1. Here are Phe134, Phe85: which of them is touching a Lys or Arg at 6+ places or on another chain (Cβ under 7 Å), aromatic (Phe, Trp, Tyr) and touching a residue at least 24 places away in the same chain (Cβ under 8 Å)?
2. Which residues, counting only those in the stretch 11-56, are out of contact with any helix residue (DSSP H, G or I) (no Cβ under 7 Å at 6 or more places or on another chain), in a loop (DSSP other than H, G, I, E, B) and without any contact (Cβ under 8 Å) to a residue 40 or more places away in the chain?
3. Quick one: how many residues across the stretch 59-76 are outside any strand (DSSP E or B), surrounded by 15 or more Cβ atoms within 10 Å (Cβ to Cβ) and touching a strand residue (DSSP E or B) at 6+ places or on another chain (Cβ under 9 Å)?
4. Determine, yes or no, whether Glu113 is out of contact with any Lys or Arg (no Cβ under 6 Å at 6 or more places or on another chain) and free of Cβ contacts under 8 Å to residues at least 12 places away in the same chain.
5. So if I check each of Ala40, Ala47, Ala18, Ala12, which one is more than 15 Å from Ser98 (Cα to Cα), of a type outside the set (Val, Ile, Thr), surrounded by 12 or more Cβ atoms within 10 Å (Cβ to Cβ) and over 21 Å from the mean Cα position of the chain (by Cα)?
6. For residues that are assigned to a loop (DSSP other than H, G, I, E, B), β-branched (Val, Ile, Thr) and at pLDDT 85 or above, scanning just the stretch 200-247, find the one that is farthest from Pro60 (Cα to Cα).
7. Residues being over 24 Å from the mean Cα position of the chain (by Cα) and hydroxyl-bearing (Ser, Thr, Tyr): count how many of those fall in the stretch 50-77.
8. Could you go through the stretch 160-169 and let me know if any residue there is in contact with an Asp or Glu (Cβ under 8 Å, 6 or more places away or on another chain) and more than 24 Å from Ala131 (Cα to Cα).
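The values are calculated or read from the model by the stated rules, or taken from the named source; none is laboratory data. Given the structure is predicted, the values throughout are model-derived calculations rather than measurements. Methodologically, a virtual Cβ is constructed for each residue, glycine included, from the backbone with ideal geometry; neighbour enumeration extends over all protein chains shown.
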Amino acid sequence: MAKAINLSNGRAWKTQGAALAHFKDMLARYSDEEVVEDRADHDDLIALLERYDAVIVDGPSKIGDGVDSFFRRRNTGDGYSTPGFWVRRVDGSETDFSYLAAVRGAPKSNAQEFYDACRAAVAADLKAAKARHFKTYGDELGRVPCELTDELITIDAAHIDHAYPTFGQLVLSFRAARGWQHDVPLGTVTAPADNQTTTTFVDPAVVDAFRQFHHGAAILRIVARTRNLAMSAGQRRPKVRRPVVLT
């Protein structure tokens, strides 16, 4: 049964998908660092932020002392850069907020937060390994073959893929190795906070432990971003002719 979304300003959608599409389209209408000047858009975002604070209670209020304005900003980290809505409060403070989480009405699960912390732990390693692979094996135009199709691709058109095990399998195996397959100890990952777009491990020793685990188990390959990775899903353990090496 479809879940209707109703906001405090009277805006309503029959499904979550329709509400998500509305805010996705809104985000696309603005440029990075551009303030949301349209009154209807501003009112929709105020109401959405009220929904966020009402349902996601494990972090600081996004509204705080009050909202001055909304704007679009890129959320960046090692290996990613995505646009999102940010709020500027009346006291001058700023923070990110996820329209996806607000519409869906549920915070990330502990398992997802742990997965994200694992991603953050090895993001710099993966970025460096990708750059080294292209520098070592690139042709005169800096291109290397896609592992799935053999087409020559540039580094910007490439994705570094966990051929085997999948990244999710690595995370589950790491948790099991530490006896955390059922519960992760409280305080293992960072708590939600203003301007925190990436969940990380609190203890650097856990970061190092996952990096070493990942380094020893991951088999990586370069594939074109535009290719459907499902085309090789039938191979439980695909043969990788040109593996990406972590050092």
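1. After ruling out the rest, the residue left standing is Phe85.
2. Of everything in the stretch 11-56, those that are out of contact with any helix residue (DSSP H, G or I) (no Cβ under 7 Å at 6 or more places or on another chain), in a loop (DSSP other than H, G, I, E, B) and without any contact (Cβ under 8 Å) to a residue 40 or more places away in the chain turn out to be Lys14, Thr15, Arg29, Glu34, Glu37, Asp38.
3. Looking only at that region, the number is 3.
4. No: the conditions fail for Glu113.
5. Answer to the selection: Ala18.
6. Step by step, filter the stretch 200-247, then rank; the result is Val240.
7. 1
8. Looking for residues that are in contact with an Asp or Glu (Cβ under 8 Å, 6 or more places away or on another chain) and more than 24 Å from Ala131 (Cα to Cα), one finds none in the stretch 160-169, hence no.
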